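Novice: Mind looking over this structure? Questions follow.
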Amino acid sequence: MPKSPSQMYHRLVCKKHGIPQFTPEPSQNLPAEYRMIGVSIGDVGVWHDGSFDVLFNTCRLATNSLNRAHGVPKHFPVFPLHSYDVSRRPYHSAGSIIASAKMSVVSLDMGASSIISPFVPTSLGSSITFKFGSAEGAILVLPDGASRQNLLPVESFRAHVRDSSTEWYRYARNWLSASDSLFVVTGCDKTASWAIATASATTGTIGFSLKLSVVGMAEATLGPRYQWMDFGSATVRTSSPCDTLSGNENQCIFIRGFFVPRSTPFVDFIAHRIFCRGWRRFLAQRETDIEQSRFKSEAEMASLRAVYRAFGSERL
């Protein structure tokens, strides 16, 4: 069965930046306040076809605009998140190219002027052509680079998630299928602009080429606007100036975190029974040990009394 574009794009997970998101832009259905910043640490949601759909944020109050959009679980303790709990730094340099397979730049048309290191052109009419040496592949181009943020107190956060998981799954049952699991974000990479492409070679051939061109200037950011050209059957996407909101890094390209474990009532019941049975056995054994110790002490005392009586002493 042929792989979907999002499945092929998932190959970028091998670069160990996190789970690659095929749709980095925030959903237009979310509140404007959330779209300004995009995916954030503490977001709880579900993965659908290569995209992360957020439901609520466990680090924000129930009155936050995102949490008001879908509501929150009935019992909703907030994990307090302070500025010093999050590591933030520039990470991917401007012009970064991340590819899932062996790739080379075979053509670089500079047009009239500049280039972003290492390869990405910025001038109107300039372009860059990528050639893959494999039958299929995925590529992410970051003209402006990207920043990275990670949660620091991960273990205490995991404990918070474990304590809340039952209530979270009860709340999210209308959004989840039987095979879906909730996912909670502990880190992400975000950018203001990107270009994505996934492709596979035609039957019996190896390798394919993609061309990325500068076709204009984005009015919102005054930066170059990119478009894939001569891409054949490839699936291509580029960031929209409408989504970047004045160059703000709200486009999430990689997400790190973990799937929330489900709490199974039957398993919990069995575990509770086993725990109680084991605890009862421990108490019974402890009581037996104490009783045996008492009998042993009484026998020793009787022997000592007999010794003292034999020597004419009644000290005991």
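Coordinate-derived values only; no laboratory data. Since we're looking at a predicted model, the values are computed, not measured. A quick note on method: Cβ atoms are made from the backbone with ideal geometry, for glycine too, and the neighbour counts reach across all protein chains shown.
Novice: Determine, for each peptide in 172-183, 146-157, 87-98, the mean count of other beta carbons within 10 angstrom over its residues, then list the peptides with the highest first.
Specialist: In descending order of packing, they fall as 146-157, 87-98, 172-183.
Novice: Which of the residue pairs Lys3/Lys74; Lys3/Lys131; Lys16/Lys74 have a Cα-Cα distance greater than 30 Å in the structure shown?
Specialist: Check vs 30 Å cut-off fails for Lys3/Lys74; Lys16/Lys74.
Novice: Could you give the length gained by full extension between Arg88 and Ser179, i.e. 0.36 nm per residue of separation minus their alpha carbon distance, to one decimal place? The partial results should precede the final answer.
Specialist: Details: separation 91, 0.36 × 91 = 32.76 nm, distance 3.37 nm.
Stretched out fully, the Arg88 to Ser179 stretch lengthens by 29.4 nm.
Novice: Below 14 angstrom from the Cβ of Phe22, what's the summed charge of the other residues (Lys, Arg +1; Asp, Glu -1)?
Specialist: 0
Novice: So what's the gap between the Cα centers of region 1-36 and region 140-177, to the nearest angstrom?
Specialist: So the two Cα centres are separated by 15 Å.
Novice: While we're on this one: Can you give the net charge of the other residues whose Cβ lies under 15 Å from the Cβ of Ser4, counting K and R as +1 and D and E as -1? Mind dumping the intermediate values first?
Specialist: On the way: positive: Lys3, Arg11, Arg237; negative: Asp49, Glu136.
Net local charge, Ser4 excluded: +1.
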